[in-house]
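The values are calculated or read from the model by the stated rules, or taken from the named source; none is laboratory data. Note that this is a predicted model, so its numbers are computed, not measured. Methodologically, a virtual Cβ is constructed for each residue, glycine included, from the backbone with ideal geometry; neighbour enumeration extends over all protein chains shown.
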Amino acid sequence: MKKVSLMVLSVMFLGLMITPLAVAEKAEDNYKLYCFQCHGSKGSGGGINAAALSTAPRDHTSATEMKKLTDENIFTAIKEGGAAVSKSTFMPPWKSILTDDEIKDMVKYLHGLCKC
Amino acid sequence: MKSLKLLISLIVFALFLSVGIGNSIADEKKGKALVESKKCGSCHKMQGPPDKTIADVLKRKAPDLFYAGSKFKIEWLEGFLQKPTMIRPAGTVYVNNIKMGEKKDEIGDVKPCTSALSKDEAHEVAEYLMTMKEPTMKTGVIVDDKFSKAKAKVLFGQKEGCSGCHRDKADSGGTSCPTLYNAGERLNPDWVFDFLKNPQKYDPKIWMPRRELSDEDFMLLAKLIASMK
């Protein structure tokens, strides 16, 4: 009986080892799939959805615009959505897709886009 | 005498039923064979699991079909398979079909599915696709009754900003996601409810994040979408 339990436990452990964990994506790839749709392929706010939004998506390449926001603001806007920082509700909360670490990477990536 | 009549009626009914079920199974088999011979699986994922990485999503050519039987209405499927229309204005994975214009991105050349089945073939394939269910989806949740359309519209357009990514009218709304102005004809409301509650259950990397709403609000949205015809 003990042997069987040990075998079952071993198989379960092996299963856990083999199961791949969720892949942490690069900020560049996350930006491409999730942000291009509104902020555009250049990050300048010219995404294919921009015309449908009552508030223009932020131009991530504008240092003037981006300097108005703290890193904490940006992190919260991405994680909890625009409404959480009194901005547009068209910016949804991305926490069901992006991990905190991925959002932190995204904040750094945005600094690269605005060169600020 | 009365009981004999009842017995005969029951036998006739059972015969009709078994013939109906038999026909349906035969159609499913023909549909499966058609899906294989037409190589639908070369563009569509016909079996789970869904893509788990962005790299895999970017290789996607057409929408996943392994839960088509939960997602679609069979009448719509039959029509679509005969004469496909554009559901996603920017294609299956929008990011693969955009190009930078002068100041903003533009949608490149996007074409609908090439399926052009006959009426009978479309029926058979639809019957087969309807067998592909999401086992965890509850049915009979969204009932066709009165609801506050005004409240649902506020959720859709203002609070959750759905129209930012989805076309809610033929000429307005976003283009990175499926059109919704005709979704009532296309989608099973129970699936819409289930998908809204957790889009990542169906597609972990889909560019629509999960919202934290009450079941009541998700139901309102599902009913509003069901009314879009």
request  = For region B:44-81, enumerate the residues that are surrounded by 16 or more Cβ atoms within 10 Å (Cβ to Cβ) and over 16 Å from the mean Cα position of the chain (by Cα).
outcome  = B:ASP51, B:ILE54, B:VAL57, B:ARG60
message = Here is a check on your reading of the model: is B:ASP109 more than 25 Å from A:LYS79 (Cα to Cα), in the same structural domain as B:MET219 (by TED's automatic domain parsing), at pLDDT below 95 and out of contact with any Lys or Arg (no Cβ under 8 Å at 6 or more places or on another chain)?
response = no
task = Determine whether region B:171-181 contains at least one residue that is touching a residue at least 40 places away in the same chain (Cβ under 8 Å) and among the hydrophobic types (A, V, I, L, M, F, W, C).
result = yes
task = Would you mind stating whether B:LYS133 is farther than 26 Å from B:SER24 by Cβ, more than 11 Å from every other protein chain (Cβ to nearest Cβ) and touching a residue at least 60 places away in the same chain (Cβ under 8 Å)?
result = no
request  = Among residues belonging to region B:102-129 that are surrounded by 13 or more Cβ atoms within 10 Å (Cβ to Cβ) and within 14 Å of chain A (Cβ to nearest Cβ), point out the one that is nearest to B:ASN188 (Cα to Cα).
outcome  = B:VAL110
task = Take region B:34-50 and flag every residue that is within 14 Å of chain A (Cβ to nearest Cβ) and either closer than 17 Å to B:GLY91 by Cα or without any contact (Cβ under 8 Å) to a residue 24 or more places away in the chain (or both).
result = B:PRO49
key: Which numbered condition B:ALA150 misses (of (1) under 30 Å from B:ASP27 (Cα atoms); (2) more than 14 Å from every other protein chain (Cβ to nearest Cβ))   = (1)
task = Restricting attention to helices (runs of 4 or more DSSP H) lying wholly within region B:127-229, give those where 3 or more residues are among the aliphatic types (A, V, I, L, M).
result = B:149-154, B:215-226
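Here's the yes/no breakdown for (1) within 18 Å of B:PHE193 (Cβ to Cβ); (2) among the polar types (S, T, N, Q):
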{"position": "B:THR92", "(1), (2)": "no, yes"}
{"position": "B:ASN97", "(1), (2)": "no, yes"}
{"position": "B:LYS103", "(1), (2)": "no, no"}
{"position": "B:SER115", "(1), (2)": "no, yes"}
{"position": "B:MET130", "(1), (2)": "no, no"}
{"position": "B:LYS133", "(1), (2)": "yes, no"}
{"position": "B:THR136", "(1), (2)": "yes, yes"}
{"position": "B:GLY140", "(1), (2)": "yes, no"}
task = Can you tell me which residue within region B:88-126, out of those that are part of a loop (DSSP other than H, G, I, E, B) and of a type in the set (Lys, Arg), is farthest from B:HIS44 (Cα to Cα)?
result = B:LYS103
ask   = Does B:THR139 count as touching a residue at least 12 places away in the same chain (Cβ under 8 Å), touching a Gly at 6+ places or on another chain (Cβ under 8 Å) and either of a type in the set (Val, Ile, Thr) or surrounded by fewer than 17 Cβ atoms within 10 Å (Cβ to Cβ) (or both)?
value = no
